[in-house]
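S.K.: Quick one: the structure is below, questions incoming.
The values are calculated or read from the model by the stated rules, or taken from the named source; none is laboratory data. All values reported here derive from a predicted model rather than from experimental measurement. Ideal geometry is used to build each Cβ from the backbone, glycine not excepted, and the neighbour counts take in all protein chains shown. These area figures cover heavy atoms from the full protein model, side chains too; ligands, DNA and RNA do not enter into them. Shrake-Rupley method; radii C 1.70, N 1.55, O 1.52, S 1.80 Å.
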Amino acid sequence: MLNNDMKQLIIFAAPSGSGKSSLINKIIEQGDNKVQLSVSATTRPARKGEINGKDYFFISKEEFVNLQKENAFIESAEVHGYMYGTLKSYVNEKINEGVQVILDIDVQGFNQIRNSLQNYVSIFIIPPSFEELKERLFTRGLDSKEVIENRLINAKKELEYASSFDYVVLNDDFNEAFEQISSIIFGRKVIDNKHANLNKLQDLLD
Ligand code: 5GP
């Protein structure tokens with residue numbers, strides 16, 4: 001059973017390159033199978049090493065549109081030119097198993113669900129600087145220059161939505177960011193520095 005203080009859904013958003021995936025992976029590792037990532041459907045082609053059904057359900061545009069018509073998504077959005085959606089069936093199944101489910105979605109998706117869902121906590125991750133974000137995107141080597149440039153333009157737009165999240169976590173030092181997120185998720189006392197981080201974010205956007 002879920003502890004009453006625990007939120008069933010944990011919503012993460014961040015511009016790509018903020019280190020969100022590494023933080024989420026570590027949380028899942030420590031969560032002893034009680035915290036799992038919701039596997040979304042996407043029309044984006046799989047990257048090298050990605051596994052269908054584990055990283056995403058990789059589907060065609062047509063299949064995606066059919067799922068939308070069937071009202072199969074909790075939310076769905078176009079991100080960086082591809083469609084992504086959270087599957088109702090997947091999330092419900094996990095919640096019924098007593099698992100805390102992490103949604104790794106973009107800000108458009110969050111805006112679609114923030115007023116309709118209950119019992120969730122939302123966390124926005126910010127990078128220490130725009131330069132750092134750029135460097136992380138290039139060094140991880142997952143995307144082409146054009147794709148990265150598109151992601152950087154979107155990053156600025158995404159950062160503007162940070163204030164609507166419950167927590168804003170600065171990922172400057174990975175371990176510190178991890179400790180903070182882990183406190184939020186595992187119900188320990190959290191030092192809430194949303195306000196300070198929003199000020200920092202303002203510098204980042206100027
Ligand atoms: P990537 O292509 O790098 O795996 O993900 C790109 C972006 O799509 C990330 O910001 C990620 O949070 C977002 N994303 C992944 N799955 C979903 C989803 O189901 N819904 C929405 N709205 N965004 C998603």
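S.K.: Compute the accessible area per residue over the stretch 75-125, keeping the other protein chains in place, probe 1.4 Å, unit Å².
M.R.: Values: 2160 Å² over 51 residues.
Ligands and nucleic acids excluded, the result is 42 Å² per residue.
S.K.: Just how large is the dipole of the stretch 6-92 about the Cα centre, in debye to the nearest 20, putting +1 at every Lys and Arg Cβ and -1 at every Asp and Glu Cβ? Please list the in-between numbers first.
M.R.: Details: 11 positive and 9 negative charges, 38 e Å.
Here the size comes out at about 180 debye.
S.K.: May I pose another question? Give me the aspartates and glutamates in straight-line cross-link reach of Lys26: C-alpha distance below 13 Å, same-chain residues under 8 apart excluded.
M.R.: Within the straight-line cut-off, Lys26 pairs with Glu176, Glu179.
S.K.: P(r) of the chain in 5 Å steps, Cα pairs, percent per bin?
M.R.: 1, 7, 15, 20, 21, 18, 11, 5, 1, 0
S.K.: Let me ask something else. Taking only Cα atoms and a 10 Å spring cutoff, compute GNM fluctuations for the chain and point out the largest among Gln180, Gln36, Gln68.
M.R.: Result: Gln68 has the largest fluctuation of those listed.
S.K.: Whenever you get a sec, compute what percent of the accessible area on the chain sits on carbon and sulfur atoms (1.4 Å probe).
M.R.: Details: 5030 of 11100 Å².
Looking at the chain in its full context, I get 45 percent from C and S.
S.K.: Which pairs break 31 Å Cα to Cα here: Lys94/Lys156; Lys7/Lys54; Lys94/Lys145; Lys34/Lys200; Lys7/Lys200?
M.R.: Numbers: Lys94/Lys156 33 Å; Lys7/Lys54 23 Å; Lys94/Lys145 37 Å; Lys34/Lys200 33 Å; Lys7/Lys200 27 Å.
Among Lys94/Lys156; Lys7/Lys54; Lys94/Lys145; Lys34/Lys200; Lys7/Lys200, the Cα-Cα distance tops 31 Å for Lys94/Lys156; Lys94/Lys145; Lys34/Lys200.
S.K.: For the chain, calculate the relative contact order in percent as a whole number, restricting contacts to Cα pairs under 8 Å that are 6 or more residues apart. List each step's numbers first, then the result.
M.R.: Working: 297 pairs, mean separation 60.1, N = 206.
Reported relative contact order: 29 percent.
S.K.: Which of Asp32, Asp166, Asp55 moves most in a GNM of the chain, Cα contacts under 10 Å?
M.R.: Most flexible of the set in this elastic network: Asp32.
S.K.: Which value, in debye to the nearest 20, gives the size of the charge dipole of the chain about its Cα centre, when Lys and Arg are +1 and Asp and Glu are -1 at the Cβ? Numbers along the way, then the final one.
M.R.: Numbers: 24 positive and 30 negative charges, 55 e Å.
The dipole magnitude comes to about 260 debye.
S.K.: While we're on this one: Once you sort the root eigenvalues of the Cα gyration tensor of the stretch 54-138 as a ≥ b ≥ c, which label holds: rounded (a/c under 1.5), prolate (a/b larger than b/c) or oblate (the other case)?
M.R.: Working: a/c = 1.95, a/b = 1.32, b/c = 1.48.
Judged from the Cα gyration tensor, the stretch 54-138 comes out oblate (a/c at least 1.5, b/c at or above a/b).
S.K.: Do any trypsin sites (Lys or Arg not before Pro) in the stretch 1-75 lie in a loop, going by DSSP, with at most 11 other beta-carbon atoms within 10 Å of their beta carbon, and if so which?
M.R.: On the way: sites: Lys7, Lys20, Lys26, Lys34, Arg47, Lys48, Lys54, Lys61, Lys69; in loops: Lys7, Lys34, Arg47, Lys48, Lys54.
Passing both the DSSP loop test and the Cβ count: Arg47, Lys48, Lys54.
S.K.: Given Tyr56, Asn66, Val99, which one lies farthest toward the positive end of the charge dipole of the stretch 43-174, if we put +1 on the Cβ of every Lys and Arg and -1 on the Cβ of every Asp and Glu?
M.R.: The residue sitting farthest along the positive end of the dipole is Asn66.
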